[in-house]
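Novice: Take a look at this one; I'll ask things after.
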Amino acid sequence: MPPAHTNPQAAATTSTAGITTIYPARRILTMNPARPEATHVAVRDGRILGAGPLEELAAWGPHQLDRRFEDHVLMPGLVEGHSHLMAGTLWRYTYSGFFDLHDAEARLWPGAKSLDAVVAALTSSAASGASSDAPIVGWGFDPIYFGERRCTRADLDRVSPTRPVALLHASGHILNVNSVGLQRGGFLRTGIAHPGIPLGADGLPTGELKGPEAMMPVLGHVGLSRNLLSGDEQGMRAFGRLAVRAGVTTATDMAATLQEPEVETLLRVTGDAAYPVRLVPLLRLIGMTPAEAVARAVALRERGTEALRLGAIKVVTDGSIQGFSARLRWPGYFNGAPEGLWYTPPESVRECYALALRAGLQVHTHTNGDEATDMALDALEQALAEVPRRDHRFTLQHAQLANAAQFRRMRALGAGVNLFANHTWYWGEEHRRVTVGPERAERMNACATALREGVPLAMHSDAPITPLAPLFTAWCAVNRLTASGRVLGMAERIGVPEALHAITLGAAHSLGLDAEIGSIECGKRADFCVLDDDPTTVPPERLKDVPVWGTVQGGRVFAAR
Ligand SMILES: [Zn+2]
């Protein structure tokens, strides 16, 4: 007797058990080096039975032919190796970014082109909401486009003098709050001496809070705590819709708190037969010792499912380059901004690495500045001397300023890298002009050097920092255009095949899932990205415009529209 449920998707899955479906397609780009192309793919029980000619696949026995993808191009389901579930959750707040952006319902939100426009948008959202004491929250704020002036609590007091107002920066590393927000966090007082809390002439904080220590006391008061942002069902569902529209079938939540209620919601939502994306949430090392984090991750690993992969750890070493909170080596910031912040002390990073290596856990480490990359590599070298382990898959996340020597060290230590290719488009001009200057801006997210030095390469959006769209990310790495149309770092451009590898098998490898996903071949999960056009034959400058029809995930079909 079938289980009692009303979901048609689930019903379809149940009734296809043991049945073989063969999909003809205009072209299938398999990413399987032994058979790079195919015309048909056979699926049984959520897995790929084979990819090849119809006659060959028909030899597996009785099958049904499903012609719905006959005019489409299939790729392996795209893998977003660094995103956050809050890309779905944040949409309940006011989008305050500079660039236009689509929400989970494909609605276009225009960018705010000045601080006044941001304040006006927050003010109107406050007016349209229910009258209450509820916080007024914006996200995606990016003042680097607005010149030298920083946003202060006085700017946000214009939105409301009585309700907390918070503005999360696009980097996710800085929060601006109004006076009420500061007061709720216990910060509306003189005598604060913290590098992440700049003070005004009156001795009171300006309202800018940099880094987790400074932000944490306020986040909960304004609805932005991490467990809320990554453990919320409505947000997870919205994230699922964003994933289908982007062709993504596996995605990370790169910094979760993974407290018990959050884990239960994740298990329930991903266990729903209609949920379209395999989630890989990473436990962030924060507010606990490395030993506690490793023990928690080991316990979580046991509870993972096909749809929810648990057990990896995320460590954050520094802040963001455009927020001037990243740790840069000499000569530091181009505009003379003071050195950034350490988020996790080197000793804790090393200890976490050693314990994780011993437990067989994977650690992903955020490093933005090159000094932070050095710190992570030093810590890994020491930890590996203590606990030698091959194929540990430790991965540096962002490593935006890594140079050739650092990539060679990654290779020597067996580390992979997941570069933030989208930065060139979104912040390339600002990096060139303000943060690191022209020479270092050209080597940011150096995909070509990483590949040349033999480092396993993935690339990412860090959604919601930039939109979830791996084909756009691939386009960024192939073209390296800034928003002003300049090619920034000509020598670091990579080819379309390498870029498509990085958003499928490359990202799968970084998560230790490349034996299961990332290519279309016998035995792997039936995860496909269904495209209206062929990304290998469109001009490379149009790669980002290839329309995504939807996805197939574990053999289940999800149309984007
Ligand atoms: Zn991130």
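Novice: What value, in deg cm²/dmol to 500, does the helix sum -39500 (n - 2.57) over DSSP H runs of n ≥ 4 give at 222 nm once divided by the residues of the chain?
Specialist: Theoretical 222 nm ellipticity from helices: -8500 deg cm²/dmol.
Novice: Listed highest first by mean packing, meaning other Cβ atoms within 10 Å per residue, what order do 100-113, 296-309 come in?
Specialist: Averaged packing, sorted descending, gives the order 296-309, 100-113.
Novice: Give the peptides 193-201, 312-320 in descending order of average Cβ contacts within 10 Å, highest first.
Specialist: In decreasing order of mean packing, 193-201, 312-320 become 312-320, 193-201.
Novice: Once the other residues with Cβ under 13 Å from the Cβ of LEU54 are scored (Lys, Arg +1; Asp, Glu -1), what is the net sum?
Specialist: Net charge in that neighbourhood comes out at -3.
Novice: Pull out a ≥ b ≥ c, the square roots of the eigenvalues of the alpha-carbon gyration tensor of the range 436-561, then state rounded if a/c is under 1.5, prolate if not and a/b is larger than b/c, and oblate in the remaining case.
Specialist: The shape class here is prolate.
Novice: Please list, short to long, the whole-number percent of alpha-carbon pairs of the range 394-440 in consecutive 10 angstrom bins beginning at zero.
Specialist: Binned Cα distances yield the sequence 26, 46, 25, 3.
Novice: How much length would be gained if the chain were fully extended between ARG408 and HIS102, taking 0.36 nm per residue of separation minus their Cα-Cα distance, in nm to one decimal?
Specialist: The span from ARG408 to HIS102 would gain 106.3 nm if fully extended.
Novice: Please give the Cα centre distance for the range 178-250 versus the range 289-321, rounded to the nearest Å.
Specialist: 21
Novice: Another question, if that's okay. Could you calculate the FRET efficiency of ASP532 with ILE192 from 1/(1 + (r/R0)^6), where r is the beta carbon distance between them and R0 is 35 Å, rounded to 0.05?
Specialist: 0.05
Novice: Applying a 10 Å radius around every beta-carbon, put 342-355, 24-37 in order of their mean neighbour count, most first.
Specialist: 342-355, 24-37
Novice: Pull up the DSSP beta bridges for the chain and report the antiparallel fraction as a percent, rounded to 5.
Specialist: Around 50 percent of the beta bridges assigned by DSSP in the chain are antiparallel ones.
Novice: At q = 0.22 Å⁻¹, what is the log10 ratio I(q)/I(0) for the range 260-383, with the Debye formula run over Cα points and no solvent?
Specialist: Scattering profile of the range 260-383, log10 relative to I(0): -1.12.
Novice: Within the chain, count lysine pairs with alpha carbon atoms under 30 angstrom apart where the residues are 8 or more positions apart or belong to different chains.
Specialist: Taking the Cα cut-off of 30 Å, the pair count is 6.
Novice: Right, next: Would you work out if the range 150-280 is rounded, prolate or oblate? Take a ≥ b ≥ c from the square roots of the eigenvalues of the alpha-carbon gyration tensor; rounded if a/c is under 1.5, else prolate when a/b is larger than b/c, oblate otherwise.
Specialist: Prolate shape, in that a/c is at least 1.5 and a/b is the bigger ratio.
Novice: Could you let me know the centre-to-centre spacing of the range 450-526 and the range 36-75, using Cα atoms, in angstrom?
Specialist: Comparing the Cα centres of the range 450-526 and the range 36-75, I get a distance of 26 Å.
Novice: Sticking with this structure for a sec: With all distinct Cα pairs included, what does the Kirkwood hydrodynamic radius of the range 504-549 come out to in Å, to one decimal, could you say?
Specialist: One over the average 1/r among Cα pairs gives 12.0 Å for the range 504-549.
Novice: Further question: Normalised radius of gyration for the chain, please: alpha carbon Rg relative to 2.2 N^0.38 Å, two decimal places.
Specialist: Relative to the 2.2 N^0.38 Å estimate, the chain comes out at 0.95.
Novice: Rounded if a/c is under 1.5, else prolate if a/b beats b/c, else oblate: with a ≥ b ≥ c from the C-alpha gyration tensor eigenvalues square-rooted, which is the range 132-171?
Specialist: The shape class here is oblate.
Readers should treat all values here as calculations from the given coordinates under stated rules, not as data from a laboratory. It should be emphasised that the depicted structure is a prediction, and the values quoted were computed from it without experimental measurement. Note that each Cβ is placed from the backbone with ideal geometry, even for glycine, and that neighbours are counted across all protein chains shown.
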